[in-house]
């Protein structure tokens, strides 16, 4: 693994650990070393609750799985019940400077975490303006949203709404983009923390279906599937299809190399198979990227104004889970 790839893997592992460790540390603090004054105890409890909620809403729960924040909430409830069942004689206010310092520290944590949770709540609201309704773009299975929503706190693509930065200007249409991964019954998306082989991820090779009826404007199928977490620098969308439906452009990206079943100019019916999920382009791990935008120009196909989407009737945000049951998808030009 290259130095850059190793640094990327370390950064992601750090994020995964911190989103679990920070609320868990506060919960253990409340259980094992509760403050000796009432104000500090309840402020620490509030800080732990706010941090747990913020971590659940903002965290990228690919590892540990999505249900871990719910366990932490149960642990917090258990810590509170334990302290209420075994009450201690505590003054309400601190009696020394150290106690006031800790009280201020807990209040700062509670306020900071509450503001982060509020940002996630605001970003979960569907933005105004035009929107498109799309069918679910993947074969039946269980899926987790790792990017989605209208704010950068829960959707890394939302930063692209600012066209003043040169890099952003060419990909503004992705601002409300959604990134999807598949998970098993335990909420795990791979058989280890971050395997390098993309084929070890649950979503790899999953059939991708046309989310609407329209015409293929662009179809690219020549980029390689990258080892995790290496990126194909300079080719953000990787193998991709741009589908024009009812005056809007729908981009689906990061297909598996060689899996596309369509070409530019083809007319697709909703539900037809386009290709398979891969790990091409600037993809940190296998996933499907999908976004809607106004019609782009040939010289800047992804720079048009972004448009919010409802996938299977929902405006999806980070942490949402979608279970799709059904028969095997219709295959375009199935093999004999």
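Computed from the coordinates by the stated procedures, all read-outs in this text should not be read as laboratory data. The structure presented is a predicted model; accordingly, all values stated were derived computationally and were not measured. Cβ placement follows ideal geometry from the backbone for every residue including glycine, while neighbour counts extend to all protein chains displayed.
Of note:
- Residue 237 being closer than 17 Å to residue 136 by Cα and surrounded by 19 or more Cβ atoms within 10 Å (Cβ to Cβ): no
Let's see how each residue does on (1) closer than 19 Å to residue 173 by Cα; (2) surrounded by 20 or more Cβ atoms within 10 Å (Cβ to Cβ):
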{"site": "265", "(1), (2)": "no, no"}
{"site": "271", "(1), (2)": "no, no"}
{"site": "275", "(1), (2)": "no, yes"}
{"site": "295", "(1), (2)": "yes, no"}
{"site": "308", "(1), (2)": "yes, no"}
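- Hits in the range 79-102 - residues which are in contact (Cβ under 8 Å) with a residue 12 or more places away in the chain and more than 13 Å from residue 34 (Cβ to Cβ): 91, 92, 93, 94, 95
- Among strands (runs of 3 or more DSSP E) entirely within the range 232-336, having at least 2 residues that are under 15 Å from residue 135 (Cβ atoms) and touching a residue at least 60 places away in the same chain (Cβ under 8 Å) singles out 248-253, 273-276, 288-294, 306-311, 321-324.
- With respect to the conditions (1) within 19 Å of residue 59 (Cα to Cα); (2) in contact (Cβ under 8 Å) with a residue 24 or more places away in the chain, residue 135 falls short on a single one, namely (1).
- Listed by first and then second residue, the pairs linking a residue in the range 182-198 that is on the phi > 0 side of the Ramachandran plot to a residue that is surrounded by fewer than 18 Cβ atoms within 10 Å (Cβ to Cβ) and assigned to a loop (DSSP other than H, G, I, E, B), with Cβ atoms under 6 Å apart and 6 or more places separating them unless they lie on different chains, are 187/65; 187/67.
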